[in-house]
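**Q** Submitted below is the structure of interest, expressed as structure tokens.
The values are calculated or read from the model by the stated rules, or taken from the named source; none is laboratory data. As the structure is a computational prediction, the values presented were derived from the model and not from experiment. Glycine also receives a Cβ, built like all others from the backbone with ideal geometry; neighbour counts cover every protein chain displayed. Surface areas here come from the heavy atoms of the whole protein model, side chains and all, with no ligands, DNA or RNA. Shrake-Rupley method; radii C 1.70, N 1.55, O 1.52, S 1.80 Å.
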Amino acid sequence: MPELEVLTTADKDRWLAVLSSVERFDFYDLPQYHELAERTGGGRGRLLVYQHQGGTIALPLMFRSCAAIEGLEGETSWDAGSVYGYAGPLSTSPLPSATDIADFQSTVRTLLESLGVVALFSSLNPLIPQAQLIAGLGEIAANGTTVSIDLMLSPEEQLAQYRLNHRRGIRRLRALGVACDIDDTRDLGQFVDIYHETMSRVGAASQYFFDHKYFALLEDLLGSQVKLFRCTLGDETI
């Protein structure tokens, strides 16, 4: 049985090379994003890489010690899950054969058992076909819906697909003189204040109140890949 290559966030160049070989990936899969999770207490970022004759299957994970769970302080076992967001398995195109998928799953199971991992959770990306890569490995459950906008369409085509009440709202904002642009000054302080006000208004759970340090680290690790957009009404950022 083939072995899995296990990459850490320190293996950034190799990790990025694997991502460049798959058909499609998202920023959640980046080693920098997993490093962000590591440095904010989210566990240990890993990329499991399985090579088969037709290409590659890769699975990004965060390993967390079960000893960190209240009541399990003496445990030596581990939990493996997704980084915050959508970071399921990735594959080169075309889709691997049923045999290659079965071998990948068997190899993952053997590795995780050898590492003392007692549970595996992977949050699949709604924009990337991933379910076939883990079908049969465990239970797959739908959990809510997401909203996406196809940025390959023209702005006019995108707007035409918005709900009527959103289109009306946008027209009202434009009539009021509201403008939106990229904030080149990257005023994170003002952004975090408004963000926390929004989380309080919608009654969000405490884990969604990311602090200034989190966003500053996100900016530091991802650099130009991070954009801060700002809407203004006159001189006021809204």
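**Q** Just the Cα atoms of the range 133-238: what Rg and Dmax do they give in Å?
**A** When restricted to Cα atoms, the range 133-238 yields Rg and Dmax of 17.9, 56 Å.
**Q** Taking only C-alpha pairs under 8 Å that are 6+ residues apart, what is the relative contact order of the range 1-68 in percent?
**A** On the way: 95 pairs, mean separation 22.8, N = 68.
It rounds to 34 percent for the range 1-68.
**Q** In square nanometres, what is the average projected area of the Cα convex hull of the range 94-178? Intermediate values should be presented prior to the final figure.
**A** Values: hull surface 37.7 nm².
Reported value for the Cα convex hull: 9.4 nm².
**Q** Output ³J(HN,Hα) for the range 72-87: one whole-Hz value per residue in order, computed from phi by the Karplus curve 6.51 cos²θ - 1.76 cosθ + 1.60 with θ = phi - 60°, and x for Gly and Pro.
**A** 10, 4, x, 5, 10, 7, 10, 10, 10, x, 7, 4, 4, x, 10, 9
**Q** Ok, one more. In whole angstrom, how far apart do the alpha carbon centroids of the range 80-134 and the range 203-238 sit?
**A** That distance is 31 Å.
**Q** Ignoring ligands, DNA and RNA, please state the percent of accessible area on the chain from carbon and sulfur, probe 1.4 Å.
**A** Numbers: 7750 of 14710 Å².
Summing carbon and sulfur atoms, their accessible area is 53 percent of the total for the chain.
**Q** Still on this structure: Work out how far the C-alpha atoms of the range 149-206 reach from end to end along every principal axis, then list the three figures in whole Å, largest first.
**A** Principal axes ranked by extent give 36, 29, 27 Å for the Cα atoms.
**Q** Hey, could you pull the Cα Rg and Dmax for the chain, both in Å?
**A** Calculated on Cα positions, Rg and Dmax stand at 20.9, 65 Å.
**Q** Which value, in nm² and rounded to one decimal, describes the direction-averaged projected area of the C-alpha convex hull of the range 1-80?
**A** The Cα convex hull of the range 1-80, projected and averaged over all directions, gives 6.4 nm².
**Q** Would you mind checking the radius of gyration and Dmax of the range 67-208 based on alpha-carbon positions, in Å?
**A** Answer for the range 67-208, Rg first and Dmax second: 21.9, 62 Å.
**Q** Taking a quarter of the surface of the convex hull around the Cα atoms of the range 191-238, what do you get in nm²? Spell out each step's value before the answer.
**A** Numbers: hull surface 16.5 nm².
For the range 191-238, the mean projected area of the Cα convex hull comes to 4.1 nm².
**Q** To the nearest 10 degrees, how steep is helix 212-222 against the longest Cα principal axis of the chain, on a 0 to 90 scale?
**A** Tilt relative to the chain: about 70 degrees.
**Q** Using a Förster radius of 22 Å, what is the FRET efficiency between LEU127 and GLN225 based on their Cβ-Cβ separation? Nearest 0.05, please.
**A** Working: r = 17 Å, r/R0 = 0.79.
Computed FRET efficiency for LEU127 and GLN225 comes out at 0.80.
**Q** Which longest uninterrupted range of the chain lacks any GluC sites (Glu not before Pro) assigned by DSSP to a loop state (not H, G, I, E or B) and surrounded by at most 11 other Cβ atoms within 10 Å?
**A** Details: sites that count: GLU3, GLU70, GLU73, GLU139.
No qualifying site falls inside 140-238, the longest such stretch.
**Q** May I ask you to compute the full-extension gain from MET152 to SER97, defined as 0.36 nm times their residue separation minus their alpha-carbon distance, rounded to one decimal in nm? All intermediate terms of the calculation are to be shown ahead of the outcome.
**A** Details: separation 55, 0.36 × 55 = 19.80 nm, distance 3.07 nm.
Going from the current span to full extension adds 16.7 nm.
**Q** Here's a follow-up. Can you tell me the alpha carbon radius of gyration of the range 1-136 divided by the globular rule-of-thumb value 2.2 N^0.38 Å? Walk me through the intermediate numbers first.
**A** Working: Rg = 14.4 Å, N = 136, 2.2 N^0.38 = 14.2 Å.
Expressed relative to 2.2 N^0.38 Å, the Cα Rg reads 1.01.
**Q** A follow-up question, please. Put a dot 7 Å past each Cα toward the Cβ at PHE210 and ILE69; how far apart are the dots in nm?
**A** Placing both labels 7 Å along Cα→Cβ, they lie 2.6 nm apart.
**Q** Could you list the residues of the range 158-193 with an amide nitrogen less than 13 Å from a label point located 7 Å from the Cα of THR145 in the Cα-to-C-beta direction?
**A** 163
**Q** Also, quick follow-up: Per residue, how much accessible area does the chain show when a 1.4 Å probe rolls over the protein heavy atoms, in square angstrom? Intermediate values should be presented prior to the final figure.
**A** Working: 14710 Å² over 238 residues.
About 62 Å² of surface per residue is accessible.
**Q** Compute the angle between helix 12-21 and the longest alpha-carbon principal axis of the chain, please, reported from 0 to 90 degrees and rounded to the nearest 10.
**A** Once rounded, one gets 90 degrees.
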